[in-house]
Amino acid sequence: MINFSDYELFTFPDQLAGELQQQSDRGLAVLGSAGLEFLLEQLLRARILDRSDTSQLFGGSGAFSTFSARIAAVFAMGLISRDEHGDLQTIRKIRNRLTHSVADASLDTQQNRDLCQKLVLCERLFAPKVIPFAVLPNGQRGVPLDPTDFPLLSAEELQLPDSTNPRVRFAESIHALARALTARVTATERATMPQEFEFPEEPLALSLERLIGSRETLAAKREELEQRIESERARLAKEGRALPAELLVPIDRDDDRMANRQLDLFIAMARYCNDVVRLSRESHRSNVPNTADG
C-alpha cells in the first residue's frame with residue numbers, strides 16, 4: 001500500500017493534471033482513469049478497518065480490484081455524491097471505448113463527444129489554474145492582508161473555456177474528480193470493529209433496542225405529519241379552501257392499534273425469553289464454586 005503524506009495527497013490532483021497534458025486521447029483516458037482508480041482505493045482504505053489482511057480486497061480478483069467495483073463500492077458506502085458517481089461512470093465508459101476499439105481511439109467521435117457532454121463536474125467545479133497576485137500599495141505584487149484588497153476574477157475567467165471541446169471536458173473532469181476524491185479521503189472516518197457478543201442474550205437485546213427506537217421515531221414522525229396536515233387544513237379553511245383529496249384519506253386507528261398490540265406482544269415475549277436465558281446463566285455462574293478459595 002502506498003502511504004501518501006497529507007501534502008502529497010493534497011498536490012496529487014495538480015500533479016496528475018500536469019501528467020495528462022501531453023497525452024494522446026487514449027493516454028489521457030488510461031492515465032486519468034488510473035489516477036482516479038488510485039484515489040478510489042485510498043478512499044476505500046480510509047473507510048475500511050485498518051487491518052493487514054485488507055490487501056486481498058484490492059489485488060487479483062478481490063472485491064475492490066477493478067475501476068467499476070471501486071466506483072460501485074464507494075457510492076454504496078455513501079462516500080461520494082450522486083454527480084461524482086455519475087461522472088466516474090461516464091469516464092469509465094469513455095475509457096473502455098478508447099482502449100477496447102481502434103476506431104474509437106479519439107474523444108472526437110460523435111459517441112464520445114456525446115458522453116463528454118454528460119460530464120457535469122468539469123463546469124461546476126472549474127477554477128482557474130493560475131490566480132494572479134494583487135497589486136500592493138508599494139506597487140509590488142503579492143497577497144494583501146485585507147481580503148477586500150484581493151483581485152476579483154471576471155465571470156469569463158470562472159467558466160470552463162472551450163466547454164464544447166470533448167478533450168477539454170474530459171481532462172477537466174479528471175481534475176475535478178481528483179480534487180473531489182482527495183477531499184473525500186481526508187474527510188472520511190475509519191470504520192470501527194463492533195464489540196464481540198459475550199453472552200447469548202446480547203444479539204436479541206441489541207435488535208430489540210433498535211426495533212423499539214425505530215418504532216418510536218416512526219411514531220413521532222407520524223404525529224408530526226398529522227399535526228402539519230391539521231395545521232394546513234385550518235389555514236386553508238380560513239381561506240375558504242380545502243386540502244387535496246389524497247390528504248383526506250382517513251387513518252384506520254383500529255388497524256394501528258392492532259398492529260401496535262401485536263408488536264408489543266412480540267417485544268414482550270422476546271424480552272421474556274431473553275431474560276430467562278440471562279437470569280439462568282447468571283444463576284449458574286453464581287453457584288459455581290470458586291476453586292481458588294478451595
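The values are calculated or read from the model by the stated rules, or taken from the named source; none is laboratory data. Since this is a predicted model, take the numbers as computed values, not measurements. Neighbour counts are summed over all protein chains in view; Cβ atoms, including those assigned to glycine, are modelled from backbone coordinates with ideal geometry.
Given the criteria surrounded by fewer than 17 Cβ atoms within 10 Å (Cβ to Cβ), part of a loop (DSSP other than H, G, I, E, B) and within 18 Å of the chain's Cα centre (by Cα), does LEU49 qualify?
Working: surrounded by fewer than 17 Cβ atoms within 10 Å (Cβ to Cβ): yes; part of a loop (DSSP other than H, G, I, E, B): yes; within 18 Å of the chain's Cα centre (by Cα): yes.
It is true that LEU49 is surrounded by fewer than 17 Cβ atoms within 10 Å (Cβ to Cβ), part of a loop (DSSP other than H, G, I, E, B) and within 18 Å of the chain's Cα centre (by Cα).
Given the structure, is PHE133 farther than 18 Å from SER24 by Cα and crowded, with 16+ Cβ neighbours inside 10 Å?
Values: farther than 18 Å from SER24 by Cα: yes; crowded, with 16+ Cβ neighbours inside 10 Å: no.
Against the criterion (farther than 18 Å from SER24 by Cα and crowded, with 16+ Cβ neighbours inside 10 Å), PHE133 does not qualify.
Could you please give the count of residues in segment 35-57 that are of a type outside the set (Asp, Glu), free of Cβ contacts under 8 Å to residues at least 40 places away in the same chain and within 24 Å of ALA176 (Cα to Cα)? Break it down into steps so the answer makes sense when it comes.
Within segment 35-57, the first condition is being of a type outside the set (Asp, Glu), and the residues that meet it are 35-36, 38-40, 42-49, 51-52, 54-57.
Okay, now just the ones that are also free of Cβ contacts under 8 Å to residues at least 40 places away in the same chain, so 38, 44, 51-52, 54, 56-57.
Then drop every residue that is not within 24 Å of ALA176 (Cα to Cα), which leaves 38, 44.
Matching residues across segment 35-57 total 2.
Kindly establish whether GLU172 is in a helix (DSSP H, G or I) and within 19 Å of PHE38 (Cα to Cα).
Yes; evaluated as a whole, the condition is true for this residue.
Against the condition of a type in the set (Asp, Glu) and under 30 Å from HIS284 (Cα atoms), how does GLU223 come out, does it pass?
So GLU223 fails the test.
Table: residues versus (1) under 30 Å from ALA134 (Cβ atoms); (2) at pLDDT 90 or above; (3) of a type in the set (Asp, Glu).
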{"site": "SER154", "(1), (2), (3)": "yes, yes, no"}
{"site": "ARG167", "(1), (2), (3)": "no, yes, no"}
{"site": "GLU172", "(1), (2), (3)": "yes, yes, yes"}
{"site": "ARG184", "(1), (2), (3)": "no, yes, no"}
{"site": "ALA187", "(1), (2), (3)": "no, yes, no"}
{"site": "ARG190", "(1), (2), (3)": "no, yes, no"}
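In segment 203-219, which residue that is of a type in the set (A, V, I, L, M) and farther than 16 Å from LEU263 by Cβ is nearest to the chain's Cα centre (by Cα)?
Among those residues, the one meeting the criterion is LEU206.
For residues that are of a type outside the set (Val, Ile, Thr) and within 30 Å of LEU125 (Cβ to Cβ), tally how many sit in segment 178-229. Give the steps one after another, and end with the answer.
If we filter segment 178-229 for residues that are of a type outside the set (Val, Ile, Thr), which is where we start, we get 178-181, 183-184, 187, 189-191, 193-211, 213-216, 218-228.
Filter once more, keeping what is within 30 Å of LEU125 (Cβ to Cβ): 178-181, 183-184, 187, 189-191.
Result for segment 178-229: 10.
For segment 208-232, what are the residues that are in contact (Cβ under 8 Å) with a residue 12 or more places away in the chain and under 29 Å from VAL277 (Cβ atoms)?
Result: LEU208, LEU211, ILE212, ARG215.
Of the residues ARG241, ARG257, only one is in the same structural domain as LEU211 (by TED's automatic domain parsing), at pLDDT 65 or above and not in a helix (DSSP H, G or I); which? Lay out the reasoning, then the answer.
On the way: ARG257 fails: not in a helix (DSSP H, G or I).
Exactly one of ARG241, ARG257 is in the same structural domain as LEU211 (by TED's automatic domain parsing), at pLDDT 65 or above and not in a helix (DSSP H, G or I), namely ARG241.
Being in contact with a Cys (Cβ under 9 Å, 6 or more places away or on another chain) and not charged (D, E, K, R) narrows it down to one of LEU107, LEU79, LEU88, LEU98, so name that one. First the steps, then the outcome.
Values: LEU79 fails: in contact with a Cys (Cβ under 9 Å, 6 or more places away or on another chain); LEU88 fails: in contact with a Cys (Cβ under 9 Å, 6 or more places away or on another chain); LEU98 fails: in contact with a Cys (Cβ under 9 Å, 6 or more places away or on another chain).
When all the criteria are applied, what remains is LEU107.
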